[in-house]
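The values are calculated or read from the model by the stated rules, or taken from the named source; none is laboratory data. It should be emphasised that the depicted structure is a prediction, and the values quoted were computed from it without experimental measurement. Heads up, the Cβs are rebuilt from the backbone with ideal geometry, glycines too, and the neighbour counts pull from every protein chain shown. Quick note on the areas: whole protein, heavy atoms, side chains included, nothing else; ligands and nucleic acids left out. Shrake-Rupley method; radii C 1.70, N 1.55, O 1.52, S 1.80 Å.
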Amino acid sequence: MYRHDGFRELDRQECLRLLALVPIGRIVYTQQALPAVLPVSFSLDRDFSIVLRTSAASRMARAVDGAVVAFEVDQFDEAAHTGWSVVVTGRASLVTDPGERKRLRDSGVRSWTAPVEEVFITVAPELVTGRALEGAGAGRPS
């Protein structure tokens with residue numbers, strides 16, 4: 001990022017802290033060789049993996065198992081022209097171990113829908129980047 005472009009690069013620890021502040025993010029994956037983006041509810045596991053709870057029948061659940069995906073969260077204040085964005089890139093995995101599924105279910109990971117046959121998907125935080133837009137008037141036309 002350029003020195004005076006209004007953005008500040010966030011370090012990994014700050015990115016992980018910010019991830020915990022919002023309940024909705026976007027998972028970015030490949031579906032039939034095309035990019036796909038879905039808003040999803042999520043939570044963070046103890047190792048900062050992203051955890052999704054969804055339907056086993058969902059296209060996304062079938063497409064992401066074993067794939068490298070991106071996950072993005074953000075928060076902005078339009079009036080103040082401030083905000084931040086965090087992107088996590090990592091391998092997604094369907095949780096198959098019954099004990100681990102029970103632990104995740106008991107931990108309170110929620111889906112905004114009521115999946116009949118649920119699955120849990122984790123995304124390992126391999127690459128974590130973020131930036132904050134700071135400053136009154138940043139990005140406003142003169």
Considering residues of the stretch 38-62 that are farther than 13 Å from Thr122 by Cα and either among the aliphatic types (A, V, I, L, M) or open to solvent by less than 20 Å² (accessible area, probe 1.4 Å) (or both) only, the residue farthest from the chain's Cα centre (by Cα) | Ala57
So Thr113 fits all but one of (1) at pLDDT 95 or above; (2) among the β-branched types (Val, Ile, Thr); (3) not in a strand (DSSP E or B); what number is the exception?
-> (1)
Flag if Ala132 is part of a strand (DSSP E or B), more than 18 Å from Ala20 (Cβ to Cβ) and at pLDDT 90 or above = no
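More than 16 Å from Leu127 (Cβ to Cβ) and hydrophobic (A, V, I, L, M, F, W, C), is that true of Leu34? If you could, list the steps in order and put the result at the bottom.
Details: more than 16 Å from Leu127 (Cβ to Cβ): yes; hydrophobic (A, V, I, L, M, F, W, C): yes.
Yes.
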Sort out which residues of the stretch 20-37 are under 10 Å from the mean Cα position of the chain (by Cα), open to solvent by less than 70 Å² (accessible area, probe 1.4 Å) and within 16 Å of Ala92 (Cβ to Cβ), and write them in order of number.
-> Gly25, Ile27, Val28
Restricting attention to the stretch 88-104, the residues that are open to solvent by 50 Å² or more (accessible area, probe 1.4 Å) and assigned to a strand (DSSP E or B) number exactly 2
